[in-house]
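Read the structure below first, then the notes.
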């Protein structure tokens, strides 16, 4: 093979591998579980695609796909139970008629309404959460 042929092959192959690295980096951003992992994959896939592409294809794929699918199917299975309990609570008038914004936010986050015998607070930061935990511990009787 002449040096011109090798140069022409490399001139096509190098940008193509870089393009595959960039495309894979976009996929890594969308599928990596943590932001730190996504950044690490993007930097290595764009900077060193010859080394990083095989490593990503081996180690970078999500190993939690099966778990996520199983979890979603289990969530769908119990969704009818949640809906049944909500209907029953509404029939027995156990759900308070509160229009407060914080209450609605809590109900949306929990995906279930609170009944009259319970209370809840929306804790939006660490100090408020820990204060609430320590108050609960101090008030505990057993």
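Just so you know, all these numbers are worked out from the coordinates, no wet-lab data involved. If you're wondering where the values come from, they're calculated on a predicted model, not measured in any experiment. Please note: Cβ atoms are built from the backbone with ideal geometry, for glycine as well, and neighbour counts cover all protein chains shown.
For the chain, take the longest principal axis of its alpha carbons; what is the angle in degrees between that and the long axis of helix 35-47, to the nearest 10 within 0 to 90? Long axis of 35-47 versus the principal axis of the chain: about 10 degrees. The simple Förster model, with R0 at 41 Å and r as the Cβ-Cβ distance, assigns residue 89 and residue 34 a FRET efficiency of 0.60. The distance between label points at residue 130 and residue 102 comes to 2.1 nm (points 7 Å beyond Cα on the Cα→Cβ vector).
Taking the Kirkwood radius as Rh and the Cα radius of gyration as Rg, segment 66-139 has a ratio of Rg/Rh equal to 1.06.
Rounded to the nearest 10 degrees, the inclination of helix 101-110 to the longest alpha-carbon principal axis of the chain is 60 degrees. Radius of gyration (Cα atoms) of the chain, expressed as a multiple of 2.2 N^0.38 Å: 1.83. Computed on segment 66-139, with alpha-carbon pairs under 8 angstrom and 6+ residues apart, the relative contact order is 24 percent.
Computed over the chain, relative contact order equals 14 percent, with contacts defined as Cα pairs under 8 Å that lie 6+ residues apart. Just so you know, the Rg over Rh for segment 3-63 is 1.10, from Cα atoms, with Rh as the Kirkwood radius.
With both labels modelled 7 Å from their Cα along Cα-to-Cβ, the residue 69 to residue 4 distance reads 5.3 nm. Could you state the angle between the C-alpha long axis of helix 3-31 and the longest principal axis of the C-alpha atoms of the chain, as a value from 0 to 90 degrees rounded to the nearest 10? Approximately 0 degrees, to the nearest 10.
The helix-based estimate of mean residue ellipticity at 222 nm for the chain, built from -39,500 (n - 2.57) per DSSP H run of four or more residues and divided by its residue count, is -23500 deg cm²/dmol to the nearest 500. Full extension of the chain segment joining residue 13 with residue 142 gains 39.4 nm, where the gain is 0.36 nm per residue of separation less the Cα-Cα distance.
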